[in-house]
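Working notes for the structure below.
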Amino acid sequence: MKKLASILLCSLLGALAASTALAAGDPGAQITRPPGYQPKAGDVALGEKLFNDTKLSTNGMSCASCHANHGAFQVSFAKPYPHTVAMARDQFGRKTVHLDEMVQGCMVMPMAAKPLPWDSKELAALTAYTASLQKTFKPSK
């Protein structure tokens, strides 16, 4: 029941943030890798700390607000990236995303923050930590 409530809350907050981003133009542009971008290795321990840090958002959320104990990850999270993610498709118009782009999507919606700089250690760390979570994720049947 808690997982369902978490999914519903995150979906509602994401939809609210989406209406704001759509009014500002192409929401997918802000989460799309820039030309020539090369992902860098990230510090998993720093990523775990950031995953739980509400200071990354403007609304008091952290990544863990939706994703604690694998909460709100959909079945597609078990697939190798890039792949289709419903939130990225529905709210950003992106057919497929890389994991770092999905991290950026969560920064923008539902965390209501600006995307992290693409060359930042924070983005690399959050991506590395999220990739570590993906390795232990088992979709519900």
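The values are calculated or read from the model by the stated rules, or taken from the named source; none is laboratory data. Predicted, not measured: the structure shown is a model, and the values here were computed from it. Because the Cβ atoms are built from the backbone with ideal geometry, glycine has one as well, and the counts that use them run over all protein chains shown.
Just the residues that are touching a helix residue (DSSP H, G or I) at 6+ places or on another chain (Cβ under 9 Å) and of a type outside the set (A, V, I, L, M, F, W, C), please, taken from segment 121-141. Break it down into steps so the answer makes sense when it comes.
First pass over segment 121-141, keeping only residues touching a helix residue (DSSP H, G or I) at 6+ places or on another chain (Cβ under 9 Å): 121-134, 136-140.
The answer is Lys121, Glu122, Thr127, Tyr129, Thr130, Ser132, Gln134, Thr136, Lys138, Pro139, Ser140.
Counting only residues that are surrounded by 14 or more Cβ atoms within 10 Å (Cβ to Cβ) and under 15 Å from Ala128 (Cα atoms), how many does segment 33-43 have?
Restricting attention to segment 33-43, the residues satisfying the condition of being surrounded by 14 or more Cβ atoms within 10 Å (Cβ to Cβ) are 33, 39-40, 42-43.
Now drop any that are not under 15 Å from Ala128 (Cα atoms), which leaves 39-40, 42-43.
Adding up the residues that qualify gives 4.
Where in segment 30-141 are there helices (runs of 4 or more DSSP H), lying wholly inside it, with at least 3 residues that are charged (D, E, K, R) and in contact with a Cys (Cβ under 6 Å, 6 or more places away or on another chain)? Step through it out loud before you land on a result.
Details: elements: 44-51, 63-67, 86-92, 99-108, 121-136.
Passing ranges: none, list empty.
Among residues belonging to segment 31-49 that are in contact with a Phe, Trp or Tyr (Cβ under 8 Å, 6 or more places away or on another chain) and under 15 Å from Val108 (Cα atoms), point out the one that is modelled with the lowest pLDDT.
Ile31
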